[in-house]
Every structure is written in C-alpha cells, then in structure tokens.
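Derivation of every value follows stated rules applied to the coordinates shown; laboratory data play no part. Nothing here was measured: the structure is a model prediction, and the numbers come from that model. Cβ sites come from the backbone with ideal geometry, for glycine too, and all protein chains shown count toward neighbours.
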Amino acid sequence: MMDEQKILADSKNYAENLIKSITASLIVISTEGIILSVNPHTCKMLGFSEQELIGKPINTVIDIKDLIFEDMWVKFLIKKGEIINVERTYLAKDGSRIPSLFSSSIIRSDDGNVEGIICMAQDMSERKRVENELERAQKFAQGLIESSMDMIIAVNKDGKITEFNRAAQKTFGYSMEEVLGIDISTLYDSPDEIKKVMEDIGKIGQYSGEITGRGKGGNTFPVIVSASVLQDSDGQSSGFMQVSRDITELKQAEQMKERLINELKKTNEELKKSQNQLVQSEKMASLGQLVAGVAHEINTPIGIGVTAASHFQDITDNILSLYETKQMKKSELEGYFSDAKETSSLILSNLRRTGDLIISFKMVSSDQTSHVQRVFNLKLYIEDIILSLKPKLKHYPLKIEIDCPEKIELDSYPGAFAQVITNLIMNSLNHAYDKGQEGNININVELQNSNVIIRFCDDGKGIPAENRKKIFDPFFTTSRGSGGTGLGLHIVFNVINQTLKGNITCESAVGIGTTFIIRIPLKI
C-alpha cells in the first residue's frame, strides 16, 4: 500500500514538474469553459498571475470570436478526441493580441466521462513577424524586379525560364505566359554564346559579358548580361538569375562619339598646319586683314566644337559610369540621347564651317626659309635690327635706347632673335602709343650666369589686368579693326620658348607702361 502511494506521489510530482517545464501555454478548463489550472508559461506569456486566471471563463484569454464553448464544440472534441494546430488569438493582460498555434484534447475519468479540456498553445508572434517580414520582402523584391528598366530573367537548373519581368517582355516581345517553361536559349541568337554563359555559371558561379539577343520577331540586338547562380536552402544550385540590358542605342552613341572625335582630331590637325602657315606668313608681314578675319572665324567654330566635344565626352563618361554601377535611370539615359543628338549637330555644323575656312588657309603662302644657328654679338645685332626698322620708325616720335654690354655674344638663332625684337617694337608702336604720341623704349641687357636677361620696356598706355593673361594667346588682339592680327606676341612667345629655349614674362600698369622680361641661354 505504501509503495503504491509513493508511486502515485512520484507520478504526480513528475507530472507537475513536466507541466511547469513546458515552454508553451497549458490551460485546463471545465466543459463549461471555466479555467481550472494554468502552467507558469501561460502566466509569463499573457502577463496574468495564476490567481487572476483560476475560475475565469476561457474567453478571458482566448478571443471569443476564435473559440466559443458550446455543447457542439465539446461534442466535436468528444468525437474527434483532439483538435491539433489551428490558429487562435490569445489575449494578454495589457490588451495585446498574441497569435498562437492552438491544440486541445478531452480529459476523461476512469469510467469514460468527460471531466475537462486541455488547451495548449504556442506563441506565434515571432513566427508571424518573420512571415510578415518575408512576405513584405518578397513583395518588395517582386516590385523591384517588375519596375526595373533592366531585363531580369530567372532560369531553373534545367535551363527553363521561371521569371521574366516587364522589361524583358518589352525587349524580347514575349509575354510571361509565352516564355515560362521554355529554354533560355530561345532568347539568344547563338547557341555558343548561351552555352558559354551556362559553362561560366557552372564553373565559377557567375557570368558577365556581351551576347546577342533575339526577339520574338527574329530581330537581333546586343545585350550586356550579368548572371549569377541561384542556390536552394541546402546550398545547391537551383538555376541562375540574369540581369541584362539592350545596349543598341548605347552602341550607336559610342560609334557616333568616336566618329565625331576623329573628325574633330582631323580638323584640329589641319588647323595646326594652317596656324603654322599663318605664323610664317605673319613673319613676312603679308597677311593683313585677311589673316585677322580668317583667324577669328576659325577660332570661334573650333572653340565651340572643342567645348561641345568635351561636353559630349563628359556626358558619355557619366552615363557609362552610371551604367557600369547599375545606377542608370531611364530618365538619365533619355537625357543623354537628347544631349548627344544636340551636341553632335553642333559639332558637325562647326566642323563644316571650319573645314571651309581651312581650305582658304591652305591657299595662303608660307615662308619656307630655314633658321641657321651661329655666334653673333648681341649689342651689334640689336642695333642692326633697329637700323633695319628705320623706315617704319621714322613715322613715330619715339626714342629707342639700347643698354647692353659690348662683349656679350650668343650662340643661337639670329633670325629668331630678330623676329622677337621686331615684333616687340611693332607691338609697342601699334598698341602702346596713340598716333603722334611721343614715347621711350628701352632695351636693357644683362648677363646672369649662363643666361642673358633682356628687359624690353615702353612708357606707353600699359595693358589692363584682364588682358594681360591673354596677350600671348594666338589671335588675341585689341585692335583687329585697325589691322591687328593677334599673332605678334604669340610668335614672340613660341620663338623664345621653342627656338631660343628661353622664357618670357610681362609686367604692366595702365598709364605707366609695359615691360617684357626675356631669359635666354648664351648657347643653345
């Protein structure tokens, strides 16, 4: 008898401990729906104490809309014996609603009578949250796929199409229903190309490259493709996903850009040749108003053409960068095509205008005299240059002074040096003084190590600050209407830097005068 009582007590303790350890809500109710007992997890889950629940109707913790205790429900339980894994809503003390996975079964006495009902529930809040998050993520991903301007196509491990977004439908001309389940090779022109895609994905898990697409109507077009393997929950390959884009218009834009840039380069080379001819003609003082006008006309369209080509290059680089980083929007691509059309028209019109002018330039004769290097006395040579200009200088009330050591000799190009001094004097005559105005020009020379420093100074009008940085630019002049070509100081700059291997700078103040500082080596 004592053994039976001990066994009974042990069984009771075991059952109580088992109920306490269950990490799910366990509630025992009467057939009338009154709570008879609850386990600790029920209190933890709902926020009630045990005393607050015992004796209360079951609808205190289970939404009455989900569970109504009537004879019919009890009869159903008696017939079935249990209800397993149905969703019910539990009610917490703080008013929150807890989605739960609910099961219930009948408690019978030894003689088979129904004594109560066990209600067991597992909190599904986290599972529901995860399911909702997953559903939202799936909807968001599907939305991205459908709204993408790129073609997105999913393929199973047998090569059959399982996803085909709107962009793919529009580009290839197939509807979703027409392509689902067909082989991916249907969409491409060459079996070898799609075979290469499949091989790369099989070997390295991805593919990136250009292949030829084929539309429903048989039309072909270049497509840039980026594909990667899809894996199932076990990490096994289940197919691949490819993102691709029809680059027909991009290819055409690139070809147009290359063609226009090549034409511009060719024109620029012709311009350089023509400019050299123009410089030589200036040395002979034979270009006059024709050179000035043509030079101005060429500078304008070439400037416009170069600016337009540079803009074309920038917008092309920008759209390629957006494309390569997969950030390009449809509006940006449409904007690029609009800009490209407008810019190319601008470049072509200016190239044609320049081409006509270049034909005229080629008709201008150039001085083919070659420069000879020799040793010469600097002071005597400057005096000879001034003497040669006497016919021109006699019309101007100017005084020219030379301050140069007697024994300085240069091993250089006297013809080039004469061109520099002549152009500087003519620049002062034409720009520094008004007609009939008296003035002074001083040419000061000093030896500095292995270099000669020449300061060419006049006391004329001076050069405004806004013009000073442009005086050595080709074709820049402030007296084009009076015959100025804008080449005199440009020639001086080039001759000093290229032929005489020196440099020149300018200092000037309006109303005081201008000084050109030249540094050239004694021997080249």
Quiz item: List the aspartates and glutamates whose alpha-carbon lies under 17 Å from that of LYS272, not counting same-chain residues fewer than 8 positions away?
Solution: GLU263, GLU282, GLU297, ASP356, ASP367, ASP473
Quiz item: With each pseudo-label sitting 7 Å past Cα toward Cβ, what's the GLU199-LYS326 distance in nm, one decimal?
Solution: 2.5
Quiz item: Separation between the ASN85 and HIS311 pseudo-spin-labels, each 7 Å from Cα along Cα→Cβ, expressed in nm?
Solution: 6.8
Quiz item: What nm distance separates the two modelled labels at GLN51 and ASN219, each placed 7 Å from Cα along Cα→Cβ?
Solution: 8.2
Exercise. Would you list which aspartates and glutamates come within 18 Å of LYS399, measuring only between C-alpha atoms, while excluding same-chain residues fewer than 8 positions from it?
Key: GLU383, ASP384, ASP434, GLU438, ASP458, ASP459
Exercise. Could you give me the percent of Cα pairs per 10 Å distance bin for the range 99-198, shortest bin first, beginning at zero and ending with the bin that holds the maximum distance?
Key: 13, 25, 18, 13, 12, 10, 7, 2, 0
Self-check item: Hypothetical label at ARG374: residues of the range 412-449 whose amide nitrogen lies under 11 Å (7 Å Cα-Cβ projection)
Solution: 414-415
Practice problem: Give me the net charge of THR60's neighbourhood, meaning all other residues with Cβ under 10 Å from the Cβ of THR60; Lys, Arg count +1, Asp, Glu -1. | Solution: +1
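Would you mind calculating the gained length between ASP234 and GLU249 on full extension (0.36 nm times residue separation, minus the Cα-Cα distance), in nm to one decimal? Provide the component values of the computation, followed by the final result.
On the way: separation 15, 0.36 × 15 = 5.40 nm, distance 4.18 nm.
Fully extending the segment from ASP234 to GLU249 adds 1.2 nm.
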Exercise. Determine, for CYS43, CYS404, the number of other Cβ atoms within 10 Å of each Cβ, and report the residues in order from fewest to most.
Key: CYS43, CYS404
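Provide the gained length on full extension for the span GLU334 to ASN318, in nm with one decimal, where the gain is 0.36 nm per separating residue minus the Cα-Cα distance. Write out the running numbers ahead of the final one.
Values: separation 16, 0.36 × 16 = 5.76 nm, distance 1.33 nm.
Length gained between GLU334 and ASN318: 4.4 nm.
Count charges around GLY173 for me, please; just the other residues with Cβ under 12 Å from its Cβ, Lys/Arg as +1, Asp/Glu as -1.
On the way: positive: LYS170, ARG214, LYS216; negative: GLU178, ASP246.
Net charge around GLY173: +1.
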Self-check item: Top positive-direction residue, dipole computed over the range 374-521 with Cβ charges, set ASN427, PHE476, ASN444
Solution: PHE476
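If the chain between MET176 and ARG108 were fully stretched, how many nm would it gain, using 0.36 nm times the residue separation less the Cα-Cα distance?
Details: separation 68, 0.36 × 68 = 24.48 nm, distance 5.83 nm.
Stretched out fully, the MET176 to ARG108 stretch lengthens by 18.7 nm.
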Exercise. Going by C-beta contacts inside 10 Å, put VAL223, VAL372, VAL510, VAL114 in order with the fewest on the left.
Key: VAL372, VAL510, VAL114, VAL223
Practice problem: Please list, or write none, the lysines whose alpha carbon is within less than 28 Å of the alpha carbon of LYS195, excluding same-chain residues fewer than 8 places away. | Solution: LYS157, LYS160, LYS170, LYS203, LYS216, LYS251, LYS326
Quiz item: If we count other beta carbons within 10 Å of each Cβ, what is the order of HIS395, HIS311, HIS490, HIS41, fewest first?
Solution: HIS395, HIS311, HIS41, HIS490
Quiz item: How long are the three semi-axes of the equivalent ellipsoid for the range 148-246, computed from the Cα gyration tensor as the root of 5 times each eigenvalue, in whole Å, largest first?
Solution: 20, 15, 12
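My understanding is that a pair violates if its Cα-Cα distance is over 18 Å; which of LYS266/LYS469; LYS435/LYS461; LYS56/LYS93; LYS257/LYS341; LYS257/LYS330 do that in this structure?
LYS266/LYS469; LYS257/LYS330
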